[in-house]
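Report on one structure; see the data block that follows.
Where a number appears in this text, it was derived from the coordinates with a stated rule and is not lab data. Just so you know, these numbers come straight off a predicted model, no measurement behind them. Counting neighbours? That spans all protein chains shown, and the Cβs are built from the backbone with ideal geometry, glycine included.
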Amino acid sequence: GPYMLGTGLLVYLLSKEIYVINHETFAAASIGIVLIYGIKKFGPSVAAFADKLNEEKVAKAQAVKDSAVKNLERAIEEEKKEQWRVEGTKNHLFDAKRTNVTMLLE
C-alpha cells in the first residue's frame, strides 16, 4: 500500500544520492516533531481561545448592525409620516388655490 510506496521511494532517493541526509535534515525533523507535539497538546485550548475572541468580535459587529438597522427603520417611518403630511398639505394647498381662482373669476 502507501507505506510500501513511501518506503520504496525513500530508499530509492537515498540509494541514488538524490537526497542526502545531513544536519539540516535532523534539524527539520526535530522542528517538525516539536510543532506536531505543540499542535496536539495546545491546539484545542488555543482554538477555544481564538473562537471566544472571534465570537466577541462578531457579537459587537452584530450589535452595531442591529443598531444601524433600528435607526434606519425609524428614519423610514419618519419619512413615511412626512410624506403623509406633505400629501395632506398638498391637497389643502390645491383646494386653497382652486378657491382663490374661483374667487378671482367671480
Original post:
Could you work out Rg/(2.2 N^0.38 Å) for the chain, with Rg from alpha carbons only?
Top reply: 2.99
Subject >> Separation in nanometres of the label points that stand 7 Å from Cα toward Cβ, at Ile39 and Ile21 >> reply: 2.3
Original post:
If you stretched the chain out fully between Lys80 and Arg98, how much longer would it get, using 0.36 nm times the residue separation minus the C-alpha to C-alpha distance?
Top reply: 3.8 nm
